[in-house]
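One structure below.
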Amino acid sequence: MSESLPYISTRGRCAAVPISQAIAAGLAPDGGLYVPEVLPKLDPSAFDPHGSLADTAATLLAPFFAGDPLAAELSAICSESLDFATPARALPQQNAKVLELFHGPTAAFKDVGARFLAACMRRLPRTDERPLTILVATSGDTGAAVAAAFHRQPGIRVVILYPDGLVSPRQAHQLGCFGDNVQALRVAGRFDDCQRMVKAALTDATLQEQRPLSSANSISLGRLLPQMSYYAHASLAGWHAHGTPMNFIVPTGNLGNAMACLWVREMGLPIGQVRLACNANTTLPDYFAGAPYAPRVAIATLANAMDVGAPSNFERLRWTYPNEPDLREQLQAHSVDDASIRQTIASHARDHGDVFCPHTATAMHLLDHMREQGDSANWTVVATAHPAKFESVVEPLIGHPVAVPGSLAAMLARPASAEPLTADDDVLHHWLLDQVTA
Ligand SMILES: *Cc1c(COP(=O)(O)O)cnc(C)c1O
């Protein structure tokens, strides 16, 4: 058996663990995020040029799992979870591509990470016979993807926290439509409150003793690692077709999706420039413009899944590029306001017949802006959700209904409910003790 890669915390105050333990835990015990001690390197020639997304993922992730009990299951985990397409569709008029990540069961890219994490958790041995509660804070899409991935899985309960009134009506419906082992809590606060409450519960050792908890947020390595596969798959396809690296514009909130892209580049695969498209939450754009890092309270925008003022994966970004001047050279970040999101959705539908969700529209706006500035590089815009999830924003702008994908339509046809909760760490603590059976 090859030697296994140790996983350490970004805060460096706890012992290194094997990957299955890092995945099972979610957050490191010192409150940091798990990272591999070193990022493995791979050559493009290691990959089967005719392989599926799942094949690419299995090759890409093998060094991360080597020596771990999950290594023998990795191919099965990949084929079970990455069983939908992530096509890079050409946009001929823009001389660009759009990488569509929304063809999974809940119509957002979060399905990739959630399904992979669930496939790992199903195989992890558990010594504790009590049910495991998966706590997830969501700004809209994560909760549904995690709920769908773990729905009716024996021994697992899912508790979703979302900011009441700050997700789209269809997102709210999706979050509340599962029932069975899934409970949705609508929190009177913002996404950052939900995230803080989940972190507080996960780092509370006494609570953990009474109610075994795990997380499924983008802080979990079990979500981050599989997101690397679509970047590897798309960039290798581009490499084989044109012999050039692919450049990506990534709609960004918590930096989970973008982090995956950067790690693939660090591993040695053909990725060129990476640009972050943010909404009116400017923590990252300000930082990359030269200001000190200053997390702040999120403001609500049309791209609600990116309403993040304190991007949780920033710690991983810092770990990846420990030298700050170097980090600031690695990528650029731009802020796109709601007016530009609206204008981009409307103009692309009118001029090209392409309909984008508000998140994807931030990245598309950045591409349009760069083209106006004379940039002619081969950009791939990452499309993170299906526009039908955001019909109340999109349809008035394009003047016609957006066709709803089948799996989303089935969820919308079910009844839905969510319980109200105050945005307070102690309130969640007591709710978990009272409502979740030991
Ligand atoms: C979660 C999400 C994002 C932001 O992704 P991060 O990994 O948090 O940066 C962007 N778009 C959509 C549709 C999302 O659901």
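The values are calculated or read from the model by the stated rules, or taken from the named source; none is laboratory data. Not measured: the values here are computed from a predicted model. Note: ideal-geometry Cβ built from the backbone for every residue, glycine included; neighbour counts use all protein chains shown. For the accessible areas, the whole protein counts, side chains as well, though only heavy atoms, and no ligand, DNA or RNA atoms are used. Shrake-Rupley method; radii C 1.70, N 1.55, O 1.52, S 1.80 Å.
Key figures
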quantity: Output for segment 32-46, where each listed residue is open to solvent by 10 Å² or more (accessible area, probe 1.4 Å) and assigned to a loop (DSSP other than H, G, I, E, B); calculated: Glu37, Val38, Leu39, Pro40, Lys41, Leu42, Asp43
quantity: Out of Asn217, Asn257, sole residue that is assigned to a helix (DSSP H, G or I) and either touching a helix residue (DSSP H, G or I) at 6+ places or on another chain (Cβ under 9 Å) or modelled with pLDDT under 95 (or both); calculated: Asn257
quantity: Number of the exception - Leu276 against (1) farther than 24 Å from Cys78 by Cβ; (2) within 16 Å of the ligand (Cβ to nearest atom); (3) outside any strand (DSSP E or B); (4) without any contact (Cβ under 8 Å) to a residue 60 or more places away in the chain; calculated: (3)
quantity: Filter result for the condition that a residue is aliphatic (A, V, I, L, M), more than 17 Å from the chain's Cα centre (by Cα) and more than 19 Å from Gly104 (Cβ to Cβ), over Ala137, Ala188; calculated: Ala188
quantity: Count of residues meeting criterion [basic (Lys, Arg), under 24 Å from Asn217 (Cβ atoms) and open to solvent by 50 Å² or more (accessible area, probe 1.4 Å)] in segment 311-352; calculated: 1
quantity: Condition broken by Trp379, with the remaining ones in (1) away from the ligand (no atom under 14 Å from the Cβ); (2) surrounded by fewer than 23 Cβ atoms within 10 Å (Cβ to Cβ); (3) among the aromatic types (Phe, Trp, Tyr) satisfied; calculated: (2)
quantity: Any chance Ala54 is in a helix (DSSP H, G or I) and within 16 Å of the ligand (Cβ to nearest atom); calculated: no
quantity: Filter result for the condition that a residue is surrounded by fewer than 18 Cβ atoms within 10 Å (Cβ to Cβ), assigned to a helix (DSSP H, G or I) and at pLDDT 95 or above, over Ala90, Ala62; calculated: Ala62
quantity: Hey, Glu395 surrounded by 14 or more Cβ atoms within 10 Å (Cβ to Cβ) and either touching a residue at least 24 places away in the same chain (Cβ under 8 Å) or not basic (Lys, Arg) (or both) or not; calculated: yes
quantity: Options Pro131, Pro154: the member that is without any contact (Cβ under 8 Å) to a residue 60 or more places away in the chain and either open to solvent by less than 10 Å² (accessible area, probe 1.4 Å) or out of contact with any Phe, Trp or Tyr (no Cβ under 9 Å at 6 or more places or on another chain) (or both); calculated: Pro154
quantity: Hits in segment 126-156 - residues which are in contact with a Leu (Cβ under 6 Å, 6 or more places away or on another chain) and within 13 Å of the ligand (Cβ to nearest atom); calculated: Ala137, Gly143, Ala144
quantity: Pairs where the first residue, in segment 281-309, is away from the ligand (no atom under 12 Å from the Cβ) and the second is acidic (Asp, Glu) and in a loop (DSSP other than H, G, I, E, B), C-beta under 6 Å, 6+ apart; calculated: Ala300/Asp307
quantity: Test: residue in segment 75-89 that is within 16 Å of the ligand (Cβ to nearest atom), closer than 15 Å to Gln227 by Cα and of a type in the set (Asp, Glu); calculated: no
quantity: Contacts under 8 angstrom Cβ, first residue in segment 407-432 being farther than 30 Å from Gly104 by Cβ, partner charged (D, E, K, R), 6 or more apart; calculated: Asp425/Arg196; His429/Asp204
quantity: Every residue from segment 139-148 that is modelled with pLDDT of 95 or more and touching a Pro at 6+ places or on another chain (Cβ under 8 Å); calculated: Ala145, Ala148
quantity: Among residues of segment 234-261, those that are within 12 Å of the ligand (Cβ to nearest atom) and closer than 24 Å to Gly51 by Cβ, counted; calculated: 5
quantity: Residue in segment 212-231 that is small (Gly, Ala, Ser), open to solvent by 10 Å² or more (accessible area, probe 1.4 Å), touching a residue at least 40 places away in the same chain (Cβ under 8 Å) and within 12 Å of the ligand (Cβ to nearest atom) present; calculated: yes
quantity: Failed item, numbered, when Leu331 is tested on (1) at pLDDT 95 or above; (2) within 14 Å of the ligand (Cβ to nearest atom); calculated: (1)
quantity: Condition check for Val297: assigned to a loop (DSSP other than H, G, I, E, B) and crowded, with 17+ Cβ neighbours inside 10 Å; calculated: no
quantity: Single residue of Val98, Val112 found to be within 14 Å of the ligand (Cβ to nearest atom), over 15 Å from the mean Cα position of the chain (by Cα) and open to solvent by less than 10 Å² (accessible area, probe 1.4 Å); calculated: Val98
quantity: Residues satisfying the stated conditions in segment 179-203, i.e. more than 16 Å from Ala28 (Cα to Cα), outside any loop (DSSP other than H, G, I, E, B) and open to solvent by 20 Å² or more (accessible area, probe 1.4 Å); calculated: Gln183, Arg186, Ala188, Asp192, Asp193
quantity: Positions within segment 382-413 being within 15 Å of the ligand (Cβ to nearest atom), part of a loop (DSSP other than H, G, I, E, B) and hydrophobic (A, V, I, L, M, F, W, C), in sequence order; calculated: Val402
